[in-house]
Amino acid sequence: MPKRPKTKDIIKRLKSEGYVQKATEGSHKHFVHPDFPGKITVVVSKAEQSIGVLREIYRQAKWKWPPE
């Protein structure tokens, strides 16, 4: 499996694809897209997301898994 992307790179990609930060709860940032339902939660206190959280972010954003 390739190296996991950094949290800042995930946030940068979400923003480049039209997601906007809707709320912050402690170390969690919530992103929403105007054209898609639901929200994507990213834990910003960690440099890398755990595999389970990372897979969920990719699934919700409809990105190809595993990360390249």
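Data overview
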| item | result |
| --- | --- |
| LYS46 being closer than 13 Å to THR7 by Cβ, of a type in the set (Lys, Arg), surrounded by 14 or more Cβ atoms within 10 Å (Cβ to Cβ) and out of contact with any Gly (no Cβ under 8 Å at 6 or more places or on another chain) | no |
| Which numbered condition PRO5 misses (of (1) more than 9 Å from the chain's Cα centre (by Cα); (2) over 15 Å from PRO67 (Cα atoms); (3) surrounded by 14 or more Cβ atoms within 10 Å (Cβ to Cβ)) | (2) |
| Some residue of segment 22-40 being among the polar types (S, T, N, Q) and surrounded by 11 or more Cβ atoms within 10 Å (Cβ to Cβ) | no |
| Which listed residue, of ARG13, ARG55, ARG59, is surrounded by fewer than 16 Cβ atoms within 10 Å (Cβ to Cβ), modelled with pLDDT of 90 or more, in contact with a helix residue (DSSP H, G or I) (Cβ under 9 Å, 6 or more places away or on another chain) and part of a helix (DSSP H, G or I) | ARG13 |
| Residues being assigned to a strand (DSSP E or B), out of contact with any strand residue (DSSP E or B) (no Cβ under 8 Å at 6 or more places or on another chain) and under 16 Å from PRO67 (Cβ atoms) - total across segment 16-52 | 0 |
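The values are calculated or read from the model by the stated rules, or taken from the named source; none is laboratory data. Not measured: the values here are computed from a predicted model. Neighbour counts are summed over all protein chains in view; Cβ atoms, including those assigned to glycine, are modelled from backbone coordinates with ideal geometry.
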